[in-house]
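The values are calculated or read from the model by the stated rules, or taken from the named source; none is laboratory data. Not measured: the values here are computed from a predicted model. Note that each Cβ is placed from the backbone with ideal geometry, even for glycine, and that neighbours are counted across all protein chains shown. For accessibility, only protein heavy atoms count, side chains too; no ligands or nucleic acids. Shrake-Rupley method; radii C 1.70, N 1.55, O 1.52, S 1.80 Å.
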There are 2 protein chains.
Amino acid sequence: MISKIEIKHINALKVKKYRNKYSEFIAEGDKIIKELIEEGLQVVNIFTINENSILQNKNIKVVSDAELSMISALTKHHGSLAVFRMQKKEMQIANDEWILLLDDIQDPGNMGTIIRTCDWFGIKKIICSDGCVDVYNPKVVQASMASIGRVQVMEADLKEIIQEYKMSVYGAILNGKNYNEQSFKEKGFILIGNEGHGINNDLETLITYRITIPKKGRAESLNAAIATALILDKLSI
Amino acid sequence: MISKIEIKHINALKVKKYRNKYSEFIAEGDKIIKELIEEGLQVVNIFTINENSILQNKNIKVVSDAELSMISALTKHHGSLAVFRMQKKEMQIANDEWILLLDDIQDPGNMGTIIRTCDWFGIKKIICSDGCVDVYNPKVVQASMASIGRVQVMEADLKEIIQEYKMSVYGAILNGKNYNEQSFKEKGFILIGNEGHGINNDLETLITYRITIPKKGRAESLNAAIATALILDKLSI
């Protein structure tokens with residue numbers, strides 16, 4: 001049994017304003033919930049339709065299928081939903097590491113996939129412009145496949161970050177140097193632009209290495225998460 | 001003004017059964033519609049909220065915002081929607097070309113992104129297992145960014161295809177050879193598995209080269225579209 005107050009609270013967490021107010025976010029499905037717990041994230045409570053759930057927690061509650069549907073952010077619920085406390089760690093930036101800068105990435109699926117891809121390639125830090133979709137958006141959390149618990153993400157003014165930490169900026173643009181001919185020996189920022197209009201002008205002028213993924217076919221552009229992955233694959237971590 | 005019959009017909013095209021029955025599918029937004037027309041796809045009709053639409057067609061109809069919302073498959077319509085006739089070309093398979101085989105790719109966003117990525121890398125043919133999401137699904141069409149008009153896609157039994165055309169099969173699995181050490185000189189099939197469980201067993205036994213994208217971090221797996229892109233980038237077209 002889930003109370004009306006709980007339903008209202010969890011549904012509020014689908015909105016960024018309330019996620020920030022309560023410092024909480026939701027994740028769905030046993031696999032992702034289990035991984036986030038293993039990463040040390042603090043669980044507020046868990047709702048599951050399974051009386052023999054693999055999830056072990058003192059705040060677990062068995063609910064009906066209809067009740068879970070009322071709080072799920074998915075078209076069809078995944079059998080369980082957990083409320084987690086947001087991790088608020090200060091990001092320390094060393095001057096010799098790869099950091100991904102995301103300029104106004106707006107699609108939650110792209111954002112989640114980018115976080116997951118960073119986790120695969122060992123990139124541990126992402127800085128998002130304030131025009132990016134919130135990383136605690138339920139669709140981002142699901143697409144990240146629990147990588148949100150392993151990759152540090154913060155929001156900041158990218159221009160200030162680039163100017164403060166004097167690392168090189170590798171910017172993905174459409175008419176730069178073939179990225180296969182670019183040396184990535186010197187660590188720094190990888191800058192990826194918005195799905196529709198690319199990197200904003202005020203940031204484009206700060207790019208050190210203008211790089212391009214060469215096109216062999218006819219598509220006008222690549223999906224932002226795909227472009228990110230192709231570039232991250234070139235880096236030595 | 002749009003008629004009730006038109007609304008009913010277009011909404012039916014959101015379902016695969018009716019798309020196949022009528023041999024029609026929908027695409028939304030001026031940019032994608034324009035590109036598909038330029039690719040030679042046959043337009044059945046176009047609905048737009050813009051009286052000065054850039055789309056030129058004898059079957060164009062100006063509708064209200066509310067009317068377009070009634071037929072759009074998107075959360076928020078993109079200003080225009082077109083009904084296209086499906087292209088039914090026989091796919092000719094030469095014995096010396098790259099062909100992408102998709103085994104039960106189910107996410108429409110992944111499918112559309114894969115088609116778009118093929119178009120970028122010059123891969124012109126995709127063969128889908130019957131467990132794949134329909135490529136004329138509105139979400140696939142949107143994510144493909146009109147590449148659906150430039151890449152040939154057909155559905156077939158992948159096992160029969162591999163056995164009939166005796167090309168090598170490069171299969172993306174989790175514990176194969178580092179793909180950076182694999183030669184891709186010999187053209188053939190690139191085989192990509194389902195988002196959750198990878199390549200089905202009956203196909204896995206047919207793989208010639210078992211390849212893996214090396215992991216440097218901690219994510220359990222890569223998104224299927226990302227894995228596809230990373231492999232396609234290695235091929236010479």
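Here are a few things to note about the model shown:
- Within the stretch B:216-231, residues that are touching a residue at least 60 places away in the same chain (Cβ under 8 Å) have Cβ atoms under 7 Å from residues that are small (G, A, S) in these pairs: B:A229/A:A229; B:I231/B:A172, counting only partners at least 6 apart in sequence or on another chain.
- Boolean, B:I126 is buried (at least 23 other Cβ atoms within 10 Å of the Cβ), touching a residue at least 12 places away in the same chain (Cβ under 8 Å) and part of a loop (DSSP other than H, G, I, E, B): no
- Hey, B:K166 in a loop (DSSP other than H, G, I, E, B), more than 30 Å from B:S23 (Cβ to Cβ) and in contact (Cβ under 8 Å) with a residue 24 or more places away in the chain or not: yes
- When residues of the stretch B:92-136 are limited to those that are within 14 Å of A:G217 (Cα to Cα) and among the charged types (D, E, K, R), the one farthest from the other protein chains (Cβ to nearest Cβ): B:K125
- A:G176 in contact (Cβ under 8 Å) with a residue 40 or more places away in the chain and not assigned by TED's automatic domain parsing to the domain that holds A:K31: no
- Checking each residue in the stretch A:7-33 for being buried (at least 18 other Cβ atoms within 10 Å of the Cβ), out of contact with any His (no Cβ under 7 Å at 6 or more places or on another chain) and touching a residue at least 60 places away in the same chain (Cβ under 8 Å) picks out A:I10, A:L13, A:R19, A:E24, A:F25, A:I26, A:A27, A:I32.
- Failed condition for B:D96, given (1) open to solvent by less than 60 Å² (accessible area, probe 1.4 Å); (2) closer than 30 Å to B:N200 by Cα: (1)
- None of A:D107, A:D103 is assigned by TED's automatic domain parsing to the domain that holds A:M145, open to solvent by less than 20 Å² (accessible area, probe 1.4 Å), acidic (D, E) and touching a residue at least 24 places away in the same chain (Cβ under 8 Å) except A:D103.
- Checked against (1) within 30 Å of A:G188 (Cα to Cα); (2) open to solvent by less than 30 Å² (accessible area, probe 1.4 Å), A:G79 meets all criteria but (1).
- In the set (1) within 14 Å of chain B (Cβ to nearest Cβ); (2) at pLDDT below 95; (3) farther than 21 Å from B:A219 by Cβ, the condition left unmet by A:N180 is number (2).
- Boolean, A:D202 is assigned to a helix (DSSP H, G or I), away from chain B (no Cβ under 14 Å), out of contact with any strand residue (DSSP E or B) (no Cβ under 7 Å at 6 or more places or on another chain) and not basic (K, R): yes
- Output for the stretch B:198-215, where each listed residue is open to solvent by 60 Å² or more (accessible area, probe 1.4 Å) and in contact (Cβ under 8 Å) with a residue 12 or more places away in the chain: B:D202, B:T208, B:Y209, B:R210
- Among (1) within 14 Å of another protein chain (Cβ to nearest Cβ); (2) in a strand (DSSP E or B), the one test that A:G217 misses: (2)
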